[in-house]
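What follows is a short report on a single structure.
The values are calculated or read from the model by the stated rules, or taken from the named source; none is laboratory data. All figures in this text were calculated on a predicted structure; none of them were measured in a lab. Positions of Cβ are backbone-derived with ideal geometry, glycine not excepted, and every protein chain shown enters the neighbour counts. These area figures cover heavy atoms from the full protein model, side chains too; ligands, DNA and RNA do not enter into them. Shrake-Rupley method; radii C 1.70, N 1.55, O 1.52, S 1.80 Å.
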Amino acid sequence: MIVQKTKIIPQKIGVFDSGAGGISVLKSLIHSHNFEEIIYYGDTARVPYGVRSPETIAQYSLEALEFFKSFNLDLLVIACNTVSAYGLKAMQEVAPYPIIGVIEPGVLALKNKLANKDSKILILGTKATIQSKLYSKLLSVEGYHNTFGLATSLFVPIVEEGIFEGAILDSTIAHYFKQYPQTPDAIILGCTHFPLIANSITNFYPKKPLLIHSGEAIMEYLHSSYILKNFNKPAQVKFYASDAVENLEKIANLWLN
Ligand code: DGL
């Protein structure tokens, strides 16, 4: 199928996340060299979203649009899986620019890499993302029915604590993964924080599964749907937060090296 690319050439883009986790997606966008300027906004005053109701997540998501109003964006990337599950539609209805979530690109990335529709797919996410069943619904539209959604909410505070490996993480992984003992063919890292602990996650199983990472998936999606410029250098990033922007910048320094 030939995808008709849209006429917009995104150069100045926004990235929205419930907090600092979206920096894992931001990393892929910066390293692509396809954008001139990126405005990152984390709602650090109200993170985590993943434990909240669908209505509250949608309301917070719409409020984030107010923040981006003055920036004259070409496009907004929703790095947060939870917002992509419950806030994206409401945002797309009112925003004057395109808004892209991470769930659809994640499903397309998996489809491009995994031809066998009987593949065992483990979907990890926050409580809200897993309860939405959006990944499994979109995967079933693509013919994948062997899916299992697992809410692994404790991974979020562990990563926020700067723990990316070791005993605490390994026992948390073992606690959750006993619900899915067979080795999956693919794991969807359906939460901003999970790419940072990808090694520990895959070490649990004897064979390394295919990993779907939101940042890589969104870049793949943008390349297939938009004409992207090459700036030959990383984007200039400005960080904003609803609380303690200095903490966000500290995490950005650590995660972006
Ligand atoms: N950013 C969220 C996500 O990707 C994780 C943190 C939260 O619960 O707000 O789902």
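Structure summary
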item	result
Asp170 versus Thr6: modelled label distance in nm, points set 7 Å from Cα along the beta carbon direction	4.6 nm
Whole-percent carbon and sulfur share, accessible surface of the chain, 1.4 Å	52 percent
Cα-based helix-to-principal-axis angle, 54-68 vs the chain, degrees rounded to 10	30 degrees
Cα-centred dipole magnitude for the chain, charges only on beta-carbon of K, R (+1) and D, E (-1), debye, nearest 20	680 debye
Length added when fully stretched, Ile227-Lys117, from 0.36 nm per residue minus Cα-Cα	36.5 nm
Rounded accessible area per residue of the chain, 1.4 Å, Å²	47 Å²
Approximate spin-label separation Arg46-Thr183, in nm, with each point projected 7 Å along Cα-to-Cβ	4.3 nm
Rounded if a/c under 1.5, otherwise prolate or oblate - segment 113-257, Cα gyration tensor axes	oblate
Those lysines that a straight Cα-Cα span of less than 26 Å connects to Lys113, excepting residues fewer than 8 apart in one chain	Lys5, Lys27, Lys133, Lys137, Lys207, Lys208, Lys229
Angle in degrees between helix 245-255 and the longest Cα principal axis of the chain, rounded to the nearest 10	60 degrees
Trypsin sites (Lys or Arg not before Pro) lying in DSSP loop within segment 199-257, provided at most 13 other Cβ fall within 10 Å	Lys207, Lys229
Highest average packing first - 118-128, 175-185, 59-69, 148-158, Cβ atoms within 10 Å	118-128, 148-158, 59-69, 175-185
Full-stretch length increase - Leu256, Tyr205 - with 0.36 nm per residue and alpha-carbon distance subtracted	15.6 nm
Ellipticity estimate at 222 nm from DSSP helix runs (n ≥ 4, -39,500 (n - 2.57)) divided over the chain, nearest 500	-12000 deg cm²/dmol
